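Note sheet for the following structure.
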Amino acid sequence: MLRFIYVIIFNLFRAPYMITRMRKMANHPERYSEEERYRVVQRCIYLMCRTGKISTDAFGVENLPTEGGYVMIPNHQGKYDALGIIRTHKEPCSLVMDAARSYTMLTSEVVDLVQGKRLHKNDVRHGLQIINEIAEDMKHGKKYILFPEGGYENNNKNILGTFKAGSFKSAVKAQVPIVPVVLIDSYKVFNAFNFGPLTTQVHYLEPIRYEEYKGMKTVEIAAMVKGRIQAKIDEVLSK
């Protein structure tokens, strides 16, 4: 939390220009390419990380599919999770976020620039609509970040929560690869009380192709993905 406050304070002088520019681009996506909007988001994250002395090392980037859409399924640790992935993911990607958390200053701009989906958690009908929209987008080559745990606990120390089976319905519907993503120490950035230089890790695991999970129930897919993420966490932390 201290680092989050520090980053905000020491970027206040940039805020009027950056947020105004981001909002303008978000409001007029027809004027700017997906790549242009994504690079602005990456630039914003870079400036935040430089101010906050945050480094993020990426591993397994070569595992990312080179063609077509896919869904990235990471463990969830805190406010920095999606930012760490976007920072290390070269190609434009989008995300699904809890609508209640998505309208704060800067967060709203980031979500709109990547044309993210705002999910109303207690609205089943809306959830089904989002699943269909994501599936259709991925069929046309879009990449998404989707957190199956739904939320996170502060200072969770890299411990996994429950993976919700519904999070995998869009992948099944679109028949796209599922890329398990492992976040290490991401919770330390904005959800823990530390202030010195910090390095987090993003591990992109081998994608699970549709042929591998075809015919499986979403509960089974969730268990498989969680198992692979847990195995990687155990491997990294044991070193």
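The values are calculated or read from the model by the stated rules, or taken from the named source; none is laboratory data. Model, not experiment: these values are computed from the prediction. Positions of Cβ are backbone-derived with ideal geometry, glycine not excepted, and every protein chain shown enters the neighbour counts. The accessibility values were calculated without ligands, DNA or RNA, using every heavy atom of the protein model including side chains. Shrake-Rupley method; radii C 1.70, N 1.55, O 1.52, S 1.80 Å.
Based on the convex hull around the alpha carbon atoms, the stretch 167-215 presents an average projected area of 4.5 nm². Which of rounded, prolate or oblate describes the stretch 68-158 when judged by the alpha-carbon gyration tensor and an a/c cut-off of 1.5? Rounded, because the longest to shortest axis ratio a/c is under 1.5.
Centre-to-centre separation between the Cα atoms of the stretch 73-141 and those of the stretch 1-58: 16 Å. Backbone amide hydrogens, once placed in the peptide plane, bring S94 within less than 5 Å of K143, Y144, I145, excluding anything fewer than 5 places away on its chain. Across the stretch 85-184, C-alpha contacts under 8 Å between residues 6 or more apart give a mean separation that, scaled by the residue count, equals a relative contact order of 25 percent.
Rounded, prolate or oblate: which fits the stretch 43-100 when a ≥ b ≥ c are the square roots of the eigenvalues of the alpha-carbon gyration tensor, with rounded for a/c under 1.5 and prolate only if a/b beats b/c? It comes out oblate by the Cα gyration axes. Couplings for the stretch 96-106, taken from phi via the Karplus curve 6.51 cos²θ - 1.76 cosθ + 1.60 with θ = phi - 60°, read 10, 9, 4, 4, 5, 9, 9, 10, 6, 4, 6 Hz in order; Gly and Pro are left as x. What the stretch 26-166 shows is 49 Å² of accessible area per residue, with the surface traced by a 1.4 Å probe over protein heavy atoms.
Just so you know, the averaged projected area of the alpha carbon convex hull for the stretch 147-239 sits at 6.4 nm². Rg then Dmax, both in Å and based on the Cα atoms of the stretch 76-127: 11.5, 33. Decide, for the stretch 12-68, between rounded, prolate and oblate: order the square roots of the alpha carbon gyration tensor eigenvalues as a ≥ b ≥ c, take rounded if a/c falls under 1.5, and otherwise choose prolate if a/b is larger than b/c, else oblate. In terms of gyration-tensor shape, oblate. Our helix-only sum for the chain, with -39,500 (n - 2.57) per DSSP H run of n ≥ 4 divided by its residues, gives a mean residue ellipticity at 222 nm of -13000 deg cm²/dmol. The chymotrypsin sites (Phe, Trp or Tyr not before Pro) found in the stretch 9-98 that occupy coil by DSSP, while having at most 15 further C-beta atoms within 10 Å, are F10, F13. Ligands, DNA and RNA left out, the accessible area of the chain computed with a 1.4 Å probe is 54% carbon and sulfur.
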